[in-house]
C-alpha cells in the first residue's frame, strides 16, 4: 500500500504547482514539473527537458514499478533476477536530484532583481514519494535478506 501511496504522491508532485514565480511583482505564474518540461521543449531546450523528464518522471516511476514487481515476487516466493535490486538501488541514488533542481531555480530567481520564486505545495507530495519509495526499498531489501536471496 505504501508503494501505491508513493505513486499517488509522485503523480501529485509532478502535476501540482511546484513553484510560484513573480516577475516585476506584476506577473504571477505557478508551474508544475510537467509544465516546466513542456515550457523547456517549447523554448527549444530539449536536452534540459529530457534530463528533467528522465530524472523527475521516468526514473521515479521505474523505481516504484520495479519495487512493486520485487515486492510481489517476494510475497509469492518467485525467483527474480538479482540485478533488479541492484538496479533499483542505483536509481534511488538519483532520487533527490529534481528537488535540488527546484531549489536551484528558486535560488536563481531570488538572486535576480527581476523575478521572485517560491516553492509551492507540490514539493510535499513529491518529497513524500521519494521518502516512501526509499522506505519501501529498504523494507523489501530486508525481506530479501531474510529469504536468503
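Details
- Model label sites at residue 65 and residue 39, defined 7 Å from Cα along the beta-carbon direction, differ in position by 2.8 nm.
- Cα-based Rg of the stretch 3-75 normalised by 2.2 N^0.38 Å, two decimals: 1.40
- Rounded FRET efficiency, nearest 0.05, which uses the C-beta distance separating residue 4 from residue 78 and R0 of 22 Å: 0.65
- Residues residue 145 and residue 54, FRET efficiency given R0 of 22 Å [Cβ-Cβ distance, rounded to 0.05]: 0.15
All of the numbers you see were taken from the coordinates with simple rules; none came from a lab. Keep in mind the model is a prediction, meaning the values are calculated, not measured. Glycine also receives a Cβ, built like all others from the backbone with ideal geometry; neighbour counts cover every protein chain displayed.
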